[in-house]
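Structure first, then comments.
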Amino acid sequence: MKHVFNGGAWEWHEFPESDKAGIEKLAREKDPYHIDKWAANLPRMKTNHIMVDAFRKGEEWIAGTLVFKQDLTEKEDYHYFHFFVAENFMITSGLDFNVFGKDDYNLLNEQMDTCDNALEGFSVLLGEITTSSLMKIDPFEVKLNDLFWKVKKENSTGLLEEIYHARHELLVLKHLMMPLQEIKIAMEEAFGEQASGGPEYKRTCLKIERGFKIANEYQTEIDTLIRLEEVVSSHRGNEIMKTLTVLTTLFTPITALGALWGMNFRNMPELEWKYGYLFAIGLVVISTLILYIVLKKKGWAGDILRGKKRNSFFK
């Protein structure tokens, strides 16, 4: 499909990915731009890729493949399209606008009609793609807020799993925006101020910058949550080990004396004592109390015998 904008100032040629013949025909019409070389590589290009040609004045172009949508849970569920952009025309192949929605497509065409050249038109398209990524980042504010309070109220492997899932989703979204940053730089490399001076290009650059800033801030918050969760988990693990150590120490007398009097030697005078049983109990209690007092005075028991407070990280 061919679109002509701004009174014939520039053109946009849309092709399905399967329309190889249509692209080859257009390549013959635009012969100086060597579109045929770009088109020949399309079947193999299914991931992010970019090429820049700025050697011939007036015939500069950028081309490549852009993954513009990725499912946050399934690696193989993603959408991409191919593009070729010169000053007065651009070509897209395999761009599925159902992903954006019909209203966005119509609005996109109206906005492109105000652009002076294809560079500005392509910037509008990149801006729309950036906006769709930003809309996915926004819900992280609610998700992170929930995680902040969950970390305070509970401490479990499930919560750590939830935090790492959020981190992975954010990394996927950042990965989608990184090629946009590369394309932005490639446009400046190929077209110089002709690209960087346009209002739509500047607007798209601000969107990309905003997306990266938000994503970086959220990533910092998630990393802080992970460190906090790890510190709390480590502290509680240490408390558990300390508790087990103290309890083992306190039960050492009864264990040792029980083992001693559980032996089957014939000559054990304690067995004939009238008050031997009471003596044994008293010895166990007194030795246990002595151990407890020693641990308490030296501070080795810490606060493990105190009850834990609700909504507290360590107390």
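So Phe100 fits all but one of (1) under 25 Å from Asp71 (Cα atoms); (2) at pLDDT 75 or above; (3) surrounded by 13 or more Cβ atoms within 10 Å (Cβ to Cβ); what number is the exception?
Against the list (1) under 25 Å from Asp71 (Cα atoms); (2) at pLDDT 75 or above; (3) surrounded by 13 or more Cβ atoms within 10 Å (Cβ to Cβ), Phe100 comes up short only on (2).
Looking only at residues in the stretch 203-222 that are among the charged types (D, E, K, R) and free of Cβ contacts under 8 Å to residues at least 12 places away in the same chain, which one is surrounded by the most Cβ atoms within 10 Å (Cβ to Cβ)?
For the stretch 203-222, the residue satisfying everything is Glu209.
Suppose we filter Glu169, Glu239, Glu230, Glu200 for residues that are exposed (fewer than 14 other Cβ atoms within 10 Å of the Cβ) and of a type in the set (D, E, K, R); which single one remains?
Glu230
Which fully enclosed strands (runs of 3 or more DSSP E) of the stretch 59-113 have 2 or more residues being β-branched (Val, Ile, Thr)?
Once the strands (runs of 3 or more DSSP E) in the stretch 59-113 are filtered for at least 2 residues that are β-branched (Val, Ile, Thr), what remains is 61-70, 89-93.
Does the stretch 30-80 hold any residues that are β-branched (Val, Ile, Thr) and touching a strand residue (DSSP E or B) at 6+ places or on another chain (Cβ under 8 Å), and which are they?
The answer is Ile35, Thr47, Ile50, Val52, Ile62, Thr65, Val67.
Scan Leu289, Leu278, Leu225 and give me the residue that is touching a Leu at 6+ places or on another chain (Cβ under 9 Å) and modelled with pLDDT of 80 or more.
Only one candidate qualifies: Leu225.
Could you say whether any residue in the stretch 65-80 is modelled with pLDDT of 80 or more, crowded, with 21+ Cβ neighbours inside 10 Å, over 30 Å from Leu170 (Cα atoms) and assigned by TED's automatic domain parsing to the domain that holds Arg167?
no
Select from the stretch 29-43 the residues that are at pLDDT below 80 and assigned to a loop (DSSP other than H, G, I, E, B) and write down the one among them that is farthest from Val124 (Cα to Cα).
In this case the residue turns out to be His34.
Being modelled with pLDDT of 85 or more and of a type in the set (Asp, Glu) is the filter here, so list the residues in the stretch 48-64 that pass it.
Matches in the stretch 48-64: Asp53, Glu60.
If you scan the stretch 14-29, which residues turn out to be in contact (Cβ under 8 Å) with a residue 12 or more places away in the chain and in contact with a Phe, Trp or Tyr (Cβ under 7 Å, 6 or more places away or on another chain)?
Ile23
Taking Asp138 as meeting all but one of (1) farther than 26 Å from Ile226 by Cβ; (2) of a type in the set (Asp, Glu); (3) surrounded by fewer than 16 Cβ atoms within 10 Å (Cβ to Cβ), write down the number of the exception.
(1)
With respect to the numbered conditions (1) within 52 Å of the chain's Cα centre (by Cα); (2) surrounded by 15 or more Cβ atoms within 10 Å (Cβ to Cβ), which one is the sole condition not fulfilled by Thr245?
(2)
Just to be sure, is Asn41 among the polar types (S, T, N, Q), surrounded by 11 or more Cβ atoms within 10 Å (Cβ to Cβ) and out of contact with any helix residue (DSSP H, G or I) (no Cβ under 9 Å at 6 or more places or on another chain)?
yes
Filtering the stretch 109-127 down to residues that are surrounded by fewer than 19 Cβ atoms within 10 Å (Cβ to Cβ) and of a type outside the set (S, T, N, Q), which residue is nearest to Leu72 (Cα to Cα)?
Glu110
Which of the following residues is polar (S, T, N, Q), touching a Leu at 6+ places or on another chain (Cβ under 8 Å) and within 20 Å of Leu125 (Cβ to Cβ): Thr204, Thr252?
Result of the check over Thr204, Thr252: Thr204.
Can you tell me how many residues within the stretch 9-28 are in a helix (DSSP H, G or I) and either among the small types (Gly, Ala, Ser) or surrounded by 13 or more Cβ atoms within 10 Å (Cβ to Cβ) (or both)?
Qualifying residue count, the stretch 9-28: 7.
Select from the stretch 152-199 the residues that are of a type in the set (Gly, Ala, Ser) and over 29 Å from Phe89 (Cα atoms) and write down the one among them that is modelled with the lowest pLDDT.
By that ranking, first place goes to Ser156.
Output the residues belonging to the stretch 201-225 that are touching a helix residue (DSSP H, G or I) at 6+ places or on another chain (Cβ under 7 Å) and among the acidic types (Asp, Glu).
Scanning the stretch 201-225 gives a single hit, Glu221.
The values are calculated or read from the model by the stated rules, or taken from the named source; none is laboratory data. Only a predicted model underlies this, so the values are computations on that prediction, with no experimental measurement involved. Positions of Cβ are backbone-derived with ideal geometry, glycine not excepted, and every protein chain shown enters the neighbour counts.
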